[in-house]
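For reference, the structure is listed below as structure tokens.
Derivation of every value follows stated rules applied to the coordinates shown; laboratory data play no part. Every value quoted in this text rests on a predicted model; they were computed, and no experiment measured them. Positions of Cβ are generated from backbone atoms using ideal geometry, with glycine treated the same way; all protein chains shown enter the neighbour counts.
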Amino acid sequence: MVKRIALAQLSSCWGCDQSLVDLHLRLLDVLPQLEIVYWPAVVDYKLADLESMPKDSIHFGFVEGSCRTKEDEHLLKVMREKSKVLVAWGSCSAYGGVQGLGNQWDLEDLLERKFLLADTITDSRIPTENLPGFTEQIVPNPSIVPFEVILPGCPPTPDNTAEALTALITGKPYDLPNKTVCDQCPKERKEKNIKQFHRAHEGHIDPNLCLLDQGYLCLGFATIGLCGAQCPTVNTPCKGCFGPPPGIADHGAKIISALGAIADMTPEQLEKSFPDPLGSFYFTDYAASYLSKIRQKQRSEKKK
Ligand code: SF4
Ligand code: SF4
Ligand code: SF4
């Protein structure tokens with residue numbers, strides 16, 4: 001039986017869609033088993049098309065991006081209503097994404113920065129017309145509506161998406177692996193104490209040794225192993241874009257506690273090494289962190 005699939009985009013870079021297209025000829029393995037009923041990134045579907053579909057009439061709903069606008073929230077809720085199986089597709093959808101780092105600031109500050117203060121602005125004014133309205137902060141989509149499948153990654157690799165799709169089509173469960181990027185990495189890790197952190201472009205990397213042991217902030221030890229360690233394999237430190245393995249509630253807290261055990265450095269040296277600590281430790285999942293939730297609570301109490 002051909003399965004009906006919808007792919008929706010909330011606020012995002014649409015890179016997850018790109019990764020699906022990157023399946024190239026392998027798309028032919030799954031496409032004959034799918035009827036695409038909504039995919040505005042590729043075909044000119046309208047929101048009204050989706051809204052007019054009966055409840056639960058879509059077998060698999062893939063949601064990319066997070067809710068930065070009220071329009072996003074509406075689309076997410078429509079996708080939930082129409083889909084039997086809803087998939088949080090990519091780290092934006094699963095955790096809030098890179099844009100979740102904006103939760104460090106109030107919405108007013110973000111609007112001011114974006115529309116009044118950015119160096120590239122020539123017409124300084126905060127637009128008020130024809131806008132869908134912004135959400136106060138980014139909240140991970142699974143905190144707004146329930147999802148049956150979480151598929152993180154920024155973006156998920158084409159193979160990740162193909163595996164999830166194949167499991168769904170064949171009626172098998174799709175579970176996240178309980179392993180880390182380090183488990184997939186070919187480099188030898190000796191868990192050395194670190195006396196100095198380097199930026200990725202500094203120094204000379206020994207391609208056979210663990211990047212973290214060499215003083216590069218490689219977050220493979222706290223990041224779910226789904227991507228095949230594609231960054232460290234080519235001597236680029238893992239930024240943790242797939243988020244934590246199952247069972248770790250706060251990705252950045254896990255990273256900070258692990259680094260605390262191996263960094264043989266003063267607080268001043270550490271502060272100098274990480275000018276953007278939240279961006280370094282919560283690349284795609286700050287919106288899912290305890291810190292962001294505390295900030296959100298403080299904001300709500302301030303408004304009372
Ligand atoms: S998860 Fe990454 S690749 Fe996918 S839409 Fe978000 S920012 Fe883009
Ligand atoms: S290079 Fe990174 S991913 Fe590889 S073993 Fe070291 S910390 Fe883990
Ligand atoms: S190695 Fe790390 S940063 Fe690179 S794709 Fe995998 S999880 Fe993302």
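One table, with the values for the structure above:
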{"quantity": "Long-range amide H partners of F62 with built H, under 5 Å", "calculated": "A6, L7, A8, V87"}
{"quantity": "Ranked by how many other beta carbons lie within 10 Å on average, peptides 74-82, 239-247 from highest", "calculated": "239-247, 74-82"}
{"quantity": "Alpha carbon convex hull of segment 181-293, projected area averaged over orientations, nm²", "calculated": "6.8"}
{"quantity": "Between 0 and 90°, nearest 10: helix 290-303 axis offset from the chain longest Cα axis", "calculated": "70"}
{"quantity": "Candidates G65, G102, G203: whichever shows maximal mean-square fluctuation once the chain is modelled as a Gaussian network with Cα springs under 10 Å", "calculated": "G203"}
{"quantity": "Global geometry of segment 7-68, whether rounded, prolate or oblate, following the gyration tensor of its Cα atoms and the 1.5 cut on a/c", "calculated": "oblate"}
{"quantity": "Rounded Å value of the spacing that divides the Cα centres of segment 140-195 and segment 231-274", "calculated": "18"}
{"quantity": "Tensor-based shape of the chain (alpha-carbon gyration tensor, a/c under 1.5 rounded, otherwise prolate or oblate)", "calculated": "oblate"}
{"quantity": "Solitary cysteines of the chain, where the nearest other Cys Cβ is not under 4.7 Å", "calculated": "C13, C16, C67, C92, C182, C185, C210, C218, C227, C231, C238"}
{"quantity": "Under Karplus coefficients 6.51, -1.76 and 1.60, residue-wise ³J(HN,Hα) of segment 189-201 in Hz, glycine/proline x", "calculated": "10, 10, 6, 6, 6, 9, 9, 7, 9, 10, 6, 4, 8"}
{"quantity": "Percent of beta bridges antiparallel (DSSP, the chain, rounded to nearest 5)", "calculated": "15"}
{"quantity": "³J(HN,Hα), Karplus 6.51/-1.76/1.60, whole Hz, each residue of segment 172-187, x for Gly, Pro", "calculated": "8, x, 10, 10, 6, x, 8, 9, 10, 4, 4, 5, 9, 7, x, 7"}
{"quantity": "Distance violations [Cα-Cα > 31 Å] among K82/K114; K192/K239; K114/K302; K55/K304; K187/K272", "calculated": "K82/K114; K55/K304"}
{"quantity": "Gain in span if fully extended, A258 to D175, counting 0.36 nm per residue against the direct Cα distance", "calculated": "27.3 nm"}
{"quantity": "Amide H within-cut-off set for S11, under 5 Å, with H built and near neighbours excluded", "calculated": "S66, R68, T69"}
{"quantity": "Ranking of I144, I138, I126 by count of other Cβ atoms within 10 Å, fewest first", "calculated": "I126, I144, I138"}
